Amino acid sequence: MKITAVEAIPFAIPYRKPLKFASGEVRVATHVLVRVHTDDGVVGIAEAPPRPFTYGETQPGIVAVINEIFAAQVVGVSLTEREVISARLARTVGNPTAKAAVDMAVWDAFGRTVQLPVSELLGGFGTGMRVSHMLGFDDPAAMVAEAEKMLEIYGISTFKVKVGRRPVSLDTAVVRALRERFGANVELYVDGNRGWTASESLRAMKDMDDLNLLFAEELCPADDVLGRRWLVDKLDLPFIADESVPTAADVTREVLAGAATAISIKTARTGFSGSQRVLHLAEGLGLEVVMGNQIDGQLGTACAVSFGAAHASTSRCAGELSNFLDMADDLLTEPLRIRDGVLQVPPGNGLGVNVDPDKLARYRTDN
Ligand code: MUC
Ligand code: MG
């Protein structure tokens, strides 16, 4: 079970429809496929999605940190020594999605080696999750039309609406239009990606008071320290910290400061080992959690559903597991399918998914 090599392969797959939000936009999935090889001939896989506007990572940076630092730290270590790997990767600050992908590829290799699904190794609570779809910026009619399509084709009835940086009245008009179109048949929440000030956030939330929102996520920056506490104290719904809590320590800081009352868990940034730390911390503190989406491809989404379905508290809310639907193609041999609003954990050992070599040859950008 010893790791013999780690590969970091950049690839690029365009989106049919770009996703736009307050902190940036994504037109092409310029991700990094990570492969961990063992002396048993097993290969574990995961993907790292660079989000320069969120964590400062870039595709070449992820490839470089894995090739130049992380690979040497994990080669020779056994798949059973995942805490050794976590401790070694933790010597380097930052680089959350690069570390997460190495961690998840190791878990995948471990699952394949012991011939069990990662989701069962992690906790085995359930076999699938309800799906929440993230609606990127557009005009109200187009965002309602996208929600209609998601409900009709995939049965998805939970929507996270991107807000912030645009005129507040446009954002609130979108949420109102969604509630008017679907009534009580859908769940709605909003994510500002730090795009409003604290006072804009409060005005917007008051304006949407009658719209029965589930959550408000990262409406203003956590670095607006007092403004953010002031806002969170005034809201009567859970305030999700997302990009402000890339580590368990950040969760502690933000929650104890009164700057958040719920947590988005993203396997793309905390892997499986770090996501368990965040989840158990959140449970100990009595916080609600949501499985978030780092604008993941299908491999990343397989990781998110494997983790989310594995635990009771991550299974309560719908998980953000659908944005791969907007990609023009993907790397997997068997596409993930959302049916009746649910994504099942892919059956099989490890993550239960495999990379199609022809697709990888077509989309890799390092040759
Ligand atoms: C989200 O929940 O914020 C957009 C930016 C990012 O870092 O993640 C996505 C989704
Ligand atoms: Mg967010």
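Using the Karplus curve 6.51 cos²θ - 1.76 cosθ + 1.60 with θ = phi - 60°, what ³J(HN,Hα) values do you get for each residue of the stretch 185-201, in whole Hz, with x for Gly and Pro?
Result, rounded to whole Hz: 7, 10, 9, 10, 8, 10, 9, x, 6, 6, x, 10, 7, 4, 6, 4, 4.
Taking amide hydrogens as modeled 1.01 Å from N in the peptide plane, which residues meet the under 5 Å criterion relative to residue 132, leaving out close sequence neighbours?
Those lying under 5 Å, H to H, from residue 132 are 319, 320, 321.
Mind checking which of 46, 92, 295 is farthest towards the positive end of the chain's charge dipole, using Cβ charges of +1 (Lys, Arg) and -1 (Asp, Glu) about the Cα centre?
92
Let me know the whole percent of all Cα-Cα pairs from the stretch 304-367 that are separated by more than 14 Å. Please report the intermediate quantities before stating the final value.
Details: 1311 of 2016 pairs.
For the stretch 304-367, the fraction of Cα-Cα distances above 14 Å is 65 percent.
Give the span of the stretch 183-247's Cα atoms along each principal axis, as three whole-Å numbers ordered largest to smallest.
Reported extents, whole Å, longest axis first: 36, 25, 18.
Using the scaling law 2.2 N^0.38 Å as the reference, what is the normalised Cα Rg of the stretch 127-216?
Numbers: Rg = 12.7 Å, N = 90, 2.2 N^0.38 = 12.2 Å.
Here the answer is 1.04, to two decimals.
Would you calculate the volume per residue, in Å³, of the smallest convex hull containing every Cα atom of the stretch 51-101? Don't jump to the answer; show the numbers that get you there.
Details: hull volume 3.5 nm³, N = 51.
Expressed per residue, the convex hull around the Cα atoms of the stretch 51-101 is 68 Å³.
Between residue 78 and residue 367, how many nm apart are label points set 7 Å from Cα along the C-beta direction?
That separation, rounded to one decimal, is 3.5 nm.
Given the pairs 234/266; 99/149; 17/266; 160/234, which are separated by over 30 angstrom at their Cα positions? Spell out each step's value before the answer.
On the way: 234/266 27 Å; 99/149 35 Å; 17/266 22 Å; 160/234 21 Å.
Distance filter (> 30 Å) returns 99/149.
Note down the Stokes-Einstein diffusion coefficient of the stretch 218-286 in µm²/s, whole number, using a Kirkwood radius over alpha carbon pairs, 37 °C, and 0.692 mPa s. Don't skip to the end; give the middle numbers.
On the way: Rh = 12.0 Å.
The estimated diffusion coefficient comes to 274 µm²/s.
Taking the Cα centre of the chain as origin, sum charge times position over the Cβ atoms of Lys and Arg (+1) and Asp and Glu (-1), and report the length of that vector in debye to the nearest 20. Before the final figure, lay out each step's value.
Numbers: 37 positive and 47 negative charges, 46 e Å.
The calculation lands at about 220 debye.
Semi-axes, largest first, in whole Å: what does sqrt of 5 times each Cα gyration tensor eigenvalue give for the chain?
Working: eigenvalues 215, 97, 71 Å².
Semi-axes (√(5λ), whole Å): 33, 22, 19.
Taking amide H positions as placed 1.01 Å from N in the peptide plane, with prolines and chain starts having none, which residues 5 or more places from residue 126, or on another chain, fall under 5 Å of its amide H?
310, 311
Mind listing P(r) for the stretch 156-285? All alpha-carbon pairs, 5 Å bins, whole percents.
2, 11, 22, 21, 19, 14, 9, 3, 0
Using the Cα centre of the stretch 274-334 as the reference point, and only Cβ charges (+1 on K/R, -1 on D/E), how large is the resulting charge dipole? Debye, rounded to the nearest 20. Spell out each step's value before the answer.
Working: 2 positive and 8 negative charges, 71 e Å.
Charge dipole of the stretch 274-334: 340 debye, to the nearest 20.
Go from 0 up to the bin containing the longest alpha carbon distance in the stretch 236-367, width 5 Å each, and give me the % of pairs per bin.
2, 10, 20, 20, 17, 12, 9, 6, 3, 1, 0
Jot down the radius of gyration and Dmax of the stretch 248-288, Cα atoms only, both in angstrom.
Cα radius of gyration and Dmax of the stretch 248-288 are 9.5, 26 Å respectively.
Along the charge dipole of the chain, pointing to its positive end and built from +1/-1 on Cβ of Lys, Arg, Asp and Glu, which listed residue (347, 272, 237) has its Cα farthest out?
In the chain, that residue is 272.
Going by amide H atoms built from the backbone, whose H comes under 5 Å of the H on residue 161, apart from near neighbours?
Amide H to amide H, under 5 Å and 5 or more residues apart or across chains, residue 161 pairs with 135, 189, 190, 191.
For the stretch 1-144, list log₁₀ I(q)/I(0) at each q in 0.15, 0.16 Å⁻¹, using the Debye formula over Cα point scatterers of equal strength and ignoring solvent, two decimals each.
-0.84, -0.92
Under a 10 Å cutoff between Cα atoms, tell me which one of 269, 316, 91 has the largest fluctuation in the Gaussian network model of the chain.
Among 269, 316, 91, the largest mean-square fluctuation in the Gaussian network model of the chain belongs to 91.
Which Cα, out of 37, 56, 74, lies furthest along the positive dipole direction of the stretch 1-90 (beta carbon charges, K/R +1, D/E -1)?
The listed residue farthest towards the positive side: 56.
Relative contact order of the chain, please, whole-number percent, based on alpha carbon pairs below 8 angstrom and at least 6 residues apart. Could the numbers behind the result be given before it?
On the way: 814 pairs, mean separation 78.1, N = 367.
Reported relative contact order: 21 percent.
Given +1 on the Cβ of Lys and Arg, -1 on the Cβ of Asp and Glu, and no further charges, what dipole in debye does the stretch 202-268 carry about its Cα centre, rounded to the nearest 20?
Numbers: 7 positive and 13 negative charges, 31 e Å.
Rounded to the nearest 20 debye, it is 160 debye.
Please pull out the direction-averaged projected area of the stretch 1-59, using the convex hull of its alpha-carbon atoms, in nm² to one decimal place. Could you put the intermediate results ahead of the total?
Working: hull surface 19.3 nm².
Reported value for the Cα convex hull: 4.8 nm².
Hey, what do the phi angles of the stretch 69-82 turn into as Karplus ³J(HN,Hα) couplings, whole Hz, using 6.51/-1.76/1.60 and θ = phi - 60°, x for Gly and Pro?
Result, ordered by residue: 10, 5, 4, 5, 6, 10, 5, x, 8, 7, 4, 7, 9, 5 Hz.
Just from its helices, what would the mean residue ellipticity at 222 nm be for the chain, if runs of 4 or more DSSP H residues each count -39500 (n - 2.57) and the sum is divided by every residue, rounded to the nearest 500 deg cm²/dmol? Write down the numbers at each step before the final one.
On the way: 14 runs with 145 residues, N = 367.
The helix-only estimate for the chain comes to -11500 deg cm²/dmol at 222 nm.
Since every read-out is calculated from the coordinates, none of them should be taken as a lab result. Predicted model, so just to flag it, every value in this text is computed and none were measured. Here the Cβ is made from the backbone with ideal geometry for all residues, glycine too, and neighbour counts use every protein chain on show.
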